[in-house]
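As structure tokens, the structure follows; a few thoughts come after it.
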Amino acid sequence: MALNVLHVSDELLAELQPRAAAEGKTVDELAEESLRQSLEERKWQDLLAYGRERGRLKGFTEEQSADVVHEWRNEQRR
């Protein structure tokens, strides 16, 4: 793996160090795990926002959109 350098504030590093030690990880491992989780969460939030906007454009309320998703999932299971 290539060496990469990511700069974080001293305050954040001070938070990461004891947390990493408590979890038996290096600061690098904890930081990478946290970044991956954050990126996945952002992807999920982007997908939700996309779905809400598409539903809104089609004239669905958020509750109706959830019903459509549940119906579609049920159909796919059959």
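The values are calculated or read from the model by the stated rules, or taken from the named source; none is laboratory data. Since this is a predicted model, take the numbers as computed values, not measurements. When we count neighbours, we look across all protein chains shown, and the Cβ atoms used for this are built from the backbone with ideal geometry, even at glycine.
List of remarks:
- For segment 3-15, filtering for residues that are modelled with pLDDT under 95 and more than 16 Å from L35 (Cβ to Cβ) leaves 1.
- Of all residues making up segment 15-49, the number that are loosely packed, with under 11 Cβ neighbours inside 10 Å and of a type outside the set (D, E, K, R): 11
- For segment 1-14, the set of residues classified as in contact with a Leu (Cβ under 9 Å, 6 or more places away or on another chain) and surrounded by 12 or more Cβ atoms within 10 Å (Cβ to Cβ) consists of V8 only.
- Among the residues here, T61 qualifies as at pLDDT below 90 and of a type in the set (S, T, N, Q).
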